[in-house]
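First the structure, in the form of structure tokens, and then the observations on it.
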Amino acid sequence: MSYKKINGKYRITISYPLSNGKYGRLYASAETLKEAKEKEALMTAQVKGQKPSVATFGALSELYLESCVGKLRTTTIQQYRNSLKHHVLPYFKDSVFIKISIEELRRWRASEIEKGYSLETLSKGKKAINCVVAFAQREYDLTNNAFHKLEPFRRNPDEVEEEGIRFWTLPQFQEFERTIKAELERTDPWSPKYIGLSSTYALCAICFFAGLRRGEANALKVEDYHDNGVHPFLDVKRSVAQKAGKGIGYLVTPPKSKRSVRKVPVPYALEAILRDHLRVLARVPGFSPSFWLVGGYKITPDETINVNFRRLADKADLPPITIHELRHSYATMLYNSGASLAVIAKLMGHTITKVTELYSHTYDETLDNAVALLDKLENSALHR
């Protein structure tokens with residue numbers, strides 16, 4: 001037996017000989033005895049180079065998720081785990097992987113669509129399945145062509161597709177600023193509510209004027225704001241994921257990609273907002289450069305920011321957008337001001353391809369203007 005129960009969980013250990021005469025080990029954990037036996041059989045087959053023909057989808061899923069640790073971001077693993085747990089394993093957990101048929105997969109697909117999940121949620125479930133299938137083939141030489149025949153989820157053609165992405169213009173954000181400033185003036189400056197409002201203002205301004213992702217803005221520390229030179233900048237080098245899992249308040253992780261590690265210049269408008277916000281934080285006992293730039297000694301909960309943001313936006317009679325869409329506003333303003341795709345991509349931590357894909361609505365308007373200009377030139381040439 002290669003497993004034993006430790007602190008309520010089963011720990012599986014498989015030893016195998018290496019070419020140098022020493023032994024290597026594979027480790028895994030399981031919640032139940034049944035899962036432990038399944039994983040033990042899979043891991044034994046793996047080291048012997050055999051095909052575990054009775055492997056279940058559930059056991060393969062758990063081994064895939066464990067193999068991701070150290071390779072993928074914690075938040076990405078949690079996303080796959082949630083998609084599998086809520087949308088896939090209720091159907092296929094105990095099904096033998098190589099025996100799952102295309103008919104079963106199509107019934108699963110139809111059931112998920114009937115429940116009314118968003119296209120994004122459905123696609124995440126399909127992506128998680130694809131990852132497990134690829135893992136099974138790579139690690140255990142298990143194949144099941146039924147998974148490759150399963151059609152991807154697509155938008156219902158009868159649904160009205162939203163036109164482009166939402167964003168605020170500079171005058172609209174300035175209206176939001178007037179509303180939040182008025183509320184700050186009516187609030188006791190020594191109260192927790194004041195710090196919450198100031199944190200909301202700072203985070204929204206960072207997303208709007210610097211284009212940071214919400215998690216990146218939350219993860220900034222006071223020492224990441226450099227304002228002692230000619231050109232102040234924000235040093236983006238981490239991210240924060242809130243509600244990352246049961247019992248977890250938040251996780252500090254590396255940024256989304258290598259491109260996301262960047263230095264973002266701070267314009268004058270944001271410089272003034274951060275200067276006022278730092279004065280508020282400086283009143284908090286124990287203030288230091290290691291404080292979170294937005295929240296102080298602790299990260300401000302997303303829900304606090306969300307409630308303040310929605311309430312103040314409604315009060316200012318502004319069109320509804322999310323805090324993440326303030327980042328879209330930043331990209332749109334840059335492009336309309338003449339910034340190149342390469343510069344926008346670098347500032348936002350994106351690839352040029354991704355920037356083009358996300359903000360094509362802006363480019364379409366610019367292309368229309370360019371075509372109109374060419375038409376004028378052509379008409380003037382014809383009438384010479």
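The values are calculated or read from the model by the stated rules, or taken from the named source; none is laboratory data. Worth saying up front: this structure is predicted, and the values here are computed from it rather than measured. Positions of Cβ are backbone-derived with ideal geometry, glycine not excepted, and every protein chain shown enters the neighbour counts.
Against the condition in contact with a His (Cβ under 6 Å, 6 or more places away or on another chain) and more than 30 Å from GLN79 (Cα to Cα), how does PRO265 come out, does it pass?
Criteria met by PRO265.
Taking SER83 and the conditions (1) in contact (Cβ under 8 Å) with a residue 40 or more places away in the chain; (2) more than 26 Å from the chain's Cα centre (by Cα), which numbered condition does it fall short on, given that it satisfies the others?
Condition (2) is where SER83 drops out.
Any residue in the range 37-59 that is surrounded by fewer than 17 Cβ atoms within 10 Å (Cβ to Cβ), part of a helix (DSSP H, G or I), modelled with pLDDT of 80 or more and of a type outside the set (Lys, Arg)?
No, that holds for no residue.
Within the range 112-146, can you find the residues that are of a type in the set (Gly, Ala, Ser) and surrounded by 13 or more Cβ atoms within 10 Å (Cβ to Cβ)?
SER123, GLY125, ALA128, ALA136, ALA146
Against the conditions (1) part of a helix (DSSP H, G or I); (2) at pLDDT 85 or above, where does THR353 fall short? Just the number, please.
(2)
Any residue at all in the range 263-282 that is surrounded by 18 or more Cβ atoms within 10 Å (Cβ to Cβ) and under 21 Å from the mean Cα position of the chain (by Cα)?
Yes; the residues of the range 263-282 include at least one that is surrounded by 18 or more Cβ atoms within 10 Å (Cβ to Cβ) and under 21 Å from the mean Cα position of the chain (by Cα).
When LYS149 is evaluated against the numbered criteria (1) farther than 30 Å from ARG327 by Cα; (2) surrounded by 14 or more Cβ atoms within 10 Å (Cβ to Cβ); (3) in contact (Cβ under 8 Å) with a residue 24 or more places away in the chain, which criterion, by number, is the only one it fails?
LYS149 satisfies every listed condition except (2).
Select from the range 165-181 the residues that are at pLDDT 90 or above and assigned to a loop (DSSP other than H, G, I, E, B) and write down the one among them that is nearest to ASN130 (Cα to Cα).
Applying the filter and picking the extreme gives TRP168.
Would you mention how many residues in the range 261-294 are of a type outside the set (A, V, I, L, M) and either at pLDDT below 85 or within 30 Å of ILE352 (Cβ to Cβ) (or both)?
Of the residues in that region, 6 qualify.
Checking the structure you have, find out if any residue of the range 148-164 is within 30 Å of TYR201 (Cα to Cα), in contact with a helix residue (DSSP H, G or I) (Cβ under 8 Å, 6 or more places away or on another chain) and at pLDDT below 90.
Yes, there is a match, as at least one residue in the range 148-164 is within 30 Å of TYR201 (Cα to Cα), in contact with a helix residue (DSSP H, G or I) (Cβ under 8 Å, 6 or more places away or on another chain) and at pLDDT below 90.
Does the range 201-208 contain at least one residue that is surrounded by fewer than 17 Cβ atoms within 10 Å (Cβ to Cβ), within 18 Å of ALA272 (Cα to Cα) and at pLDDT 95 or above?
no
Considering the range 61-79 alone, what residues qualify as being buried (at least 21 other Cβ atoms within 10 Å of the Cβ) and either among the polar types (S, T, N, Q) or at pLDDT 90 or above (or both)? Even if it seems obvious, please write down each step before you answer.
First, the residues of the range 61-79 that are buried (at least 21 other Cβ atoms within 10 Å of the Cβ): 61-64.
If the condition is that a residue be buried (at least 21 other Cβ atoms within 10 Å of the Cβ) and either among the polar types (S, T, N, Q) or at pLDDT 90 or above (or both), then SER61, TYR64 are the ones that fit.
Would you mention how many residues in the range 182-213 are farther than 22 Å from VAL236 by Cβ, part of a helix (DSSP H, G or I) and in contact (Cβ under 8 Å) with a residue 12 or more places away in the chain? Reasoning before the result, please.
Initially, the range 182-213 is screened for residues farther than 22 Å from VAL236 by Cβ, giving 182-197.
Subset that is part of a helix (DSSP H, G or I): 182-185, 192-197.
Filter once more, keeping what is in contact (Cβ under 8 Å) with a residue 12 or more places away in the chain: 183-184, 194-197.
Of the residues in that region, 6 qualify.
Of all residues in the range 356-371, how many are under 18 Å from ARG213 (Cα atoms) and either surrounded by fewer than 11 Cβ atoms within 10 Å (Cβ to Cβ) or modelled with pLDDT of 85 or more (or both)?
Residues that pass the stated criteria total 1.
I'd like the residue in the range 104-134 that is within 24 Å of the chain's Cα centre (by Cα) and acidic (Asp, Glu) and, out of all such residues, is modelled with the highest pLDDT.
Here the answer is GLU112.
Is it true that some residue in the range 212-225 is of a type outside the set (Ser, Thr, Tyr), over 24 Å from GLU325 (Cβ atoms) and buried (at least 17 other Cβ atoms within 10 Å of the Cβ)?
Taking every residue of the range 212-225 in turn, at least one turns out to be of a type outside the set (Ser, Thr, Tyr), over 24 Å from GLU325 (Cβ atoms) and buried (at least 17 other Cβ atoms within 10 Å of the Cβ).
So which residues in the range 214-230 are polar (S, T, N, Q) and either closer than 21 Å to ARG311 by Cα or assigned to a helix (DSSP H, G or I) (or both)? Steps first, please.
Going residue by residue through the range 214-230, those that are polar (S, T, N, Q) are 218, 228.
If the condition is that a residue be polar (S, T, N, Q) and either closer than 21 Å to ARG311 by Cα or assigned to a helix (DSSP H, G or I) (or both), then ASN218 is the only one that fits.
Cβ-Cβ distance below 7 Å, separation of 6 or more or different chains: which pairs start in the range 1-20 with a residue that is modelled with pLDDT under 75 and end on one that is surrounded by 13 or more Cβ atoms within 10 Å (Cβ to Cβ) and among the aromatic types (Phe, Trp, Tyr)?
Listed by first residue and then by second, the contacts come to TYR3/TYR10.
Return the residues of the range 289-321 that are without any contact (Cβ under 8 Å) to a residue 60 or more places away in the chain and not acidic (Asp, Glu); say none if nothing qualifies.
TYR297, LYS298, PRO301, ASN306, VAL307, ARG310, ARG311
Of a type in the set (Phe, Trp, Tyr) and within 26 Å of TRP190 (Cα to Cα) - does that describe any residue in the range 262-272?
No: zero hits.
Residues of the range 209-260 being among the hydroxyl-bearing types (Ser, Thr, Tyr), touching a helix residue (DSSP H, G or I) at 6+ places or on another chain (Cβ under 7 Å) and at pLDDT below 90, which ones?
Correct list: THR253 only.
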